[in-house]
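The values are calculated or read from the model by the stated rules, or taken from the named source; none is laboratory data. What you are looking at is a predicted structure, and each value in this text was computed from that prediction instead of being measured. Note that we place each Cβ from the backbone using ideal geometry, even for glycine, and neighbour counts take in every protein chain shown. Just so you know, the surface numbers come from the protein's heavy atoms only, side chains and all, with ligands and any DNA or RNA stripped out. Shrake-Rupley method; radii C 1.70, N 1.55, O 1.52, S 1.80 Å.
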Amino acid sequence: MIDTATKIAAGLERAFVSQGFAEPNVEALRAAADVSLRTLYKYTPSRGEMVLAALEHRHARYIAHVFDDLPSPGPAALESVIIKIGEWMSQEAERGCLFHAAVAAAPRDARLRDLLRRHKSDVAKRAAIAADLADRENDISVIIEGLTQSWPLLQGAAVISTLNLARLLHR
């Protein structure tokens, strides 16, 4: 059984993925979280906190999806990371990165910008370690961002191009 905070965060994440950040009103968010309004505000006392809770939940799910059960560090692990990101994009982020969408919806929100930065940095650092290329973290970050940003237009072709670019890092 999941705890109430996780249940709320998961419901909020689903609502923001399906409806964006501007559209859902508090009642829609409450319904998505499947809790009372009082409970929703107890755990997330403002809309900003609701967005942050949803994104923190998404970050944890993304990290688990992409980095659990990788091969030993090296080229095969980086390829696995890229393939798993493609799977995530196909299943969970067809319209693009939810973190970027959140910042676009509230560009002056420093907490959202910090969360975006932390999420992207964490992904790049973990991918660089998986690739056994810790000194190429920025290169890997740019390659992965290329995949996530081009996904809505290129979909599977973006994964193939990303794999091709990633292979160049191990030369």
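Counting only residues that are in contact with a helix residue (DSSP H, G or I) (Cβ under 8 Å, 6 or more places away or on another chain) and exposed (fewer than 15 other Cβ atoms within 10 Å of the Cβ), how many does region 32-46 have? Before you say what the answer is, go through the steps one by one.
Looking only at region 32-46, we keep the residues that are in contact with a helix residue (DSSP H, G or I) (Cβ under 8 Å, 6 or more places away or on another chain), and these are 32-37, 39-40, 43-44.
Checking which are exposed (fewer than 15 other Cβ atoms within 10 Å of the Cβ) leaves us with 34, 36-37.
Selection size over region 32-46: 3.
Taken together, the residues in region 114-137 that are among the aliphatic types (A, V, I, L, M), in contact with a Leu (Cβ under 9 Å, 6 or more places away or on another chain) and farther than 24 Å from residue 56 by Cβ amount to 2. Output the number of residues of region 75-92 satisfying the condition of being open to solvent by less than 60 Å² (accessible area, probe 1.4 Å) and touching a helix residue (DSSP H, G or I) at 6+ places or on another chain (Cβ under 7 Å). Of the residues in region 75-92, 10 are open to solvent by less than 60 Å² (accessible area, probe 1.4 Å) and touching a helix residue (DSSP H, G or I) at 6+ places or on another chain (Cβ under 7 Å). Just one of the listed residues (85, 140) is closer than 25 Å to residue 11 by Cβ, touching a Leu at 6+ places or on another chain (Cβ under 8 Å), in contact (Cβ under 8 Å) with a residue 24 or more places away in the chain and among the β-branched types (Val, Ile, Thr), and it is 85. Hey, can you tell me all the residues within region 1-30 that are of a type outside the set (S, T, N, Q), free of Cβ contacts under 8 Å to residues at least 12 places away in the same chain and surrounded by fewer than 13 Cβ atoms within 10 Å (Cβ to Cβ)? The answer is 1, 2, 3, 23, 27. Among the conditions (1) under 25 Å from residue 153 (Cα atoms); (2) without any contact (Cβ under 8 Å) to a residue 40 or more places away in the chain, the only one that residue 71 does not satisfy is (1).
In region 152-159, is there at least one residue being out of contact with any helix residue (DSSP H, G or I) (no Cβ under 7 Å at 6 or more places or on another chain), over 18 Å from residue 79 (Cα atoms) and touching a residue at least 24 places away in the same chain (Cβ under 8 Å)? Yes, region 152-159 contains at least one residue that is out of contact with any helix residue (DSSP H, G or I) (no Cβ under 7 Å at 6 or more places or on another chain), over 18 Å from residue 79 (Cα atoms) and touching a residue at least 24 places away in the same chain (Cβ under 8 Å).
Residue count for region 116-152, restricted to those that are in a helix (DSSP H, G or I), of a type in the set (A, V, I, L, M) and either modelled with pLDDT under 95 or farther than 21 Å from residue 103 by Cα (or both): 7.
The C-beta contact set for region 31-53 (first residue within 11 Å of residue 9 (Cβ to Cβ) and in a helix (DSSP H, G or I), second residue aromatic (Phe, Trp, Tyr) and open to solvent by less than 50 Å² (accessible area, probe 1.4 Å), distance under 9 angstrom, 6+ apart or interchain) comprises 32/16; 50/16; 51/16; 51/21.
Across region 93-114, the qualifying residues are those that are of a type in the set (D, E, K, R) and farther than 10 Å from residue 148 by Cα, and the one among them that is most open to solvent (accessible area, probe 1.4 Å) is 108.
Residue 115: closer than 22 Å to residue 168 by Cβ and touching a residue at least 12 places away in the same chain (Cβ under 8 Å), yes or no?
On the way: closer than 22 Å to residue 168 by Cβ: no; touching a residue at least 12 places away in the same chain (Cβ under 8 Å): yes.
Considered against the rule, which asks whether it is closer than 22 Å to residue 168 by Cβ and touching a residue at least 12 places away in the same chain (Cβ under 8 Å), residue 115 comes out as no.
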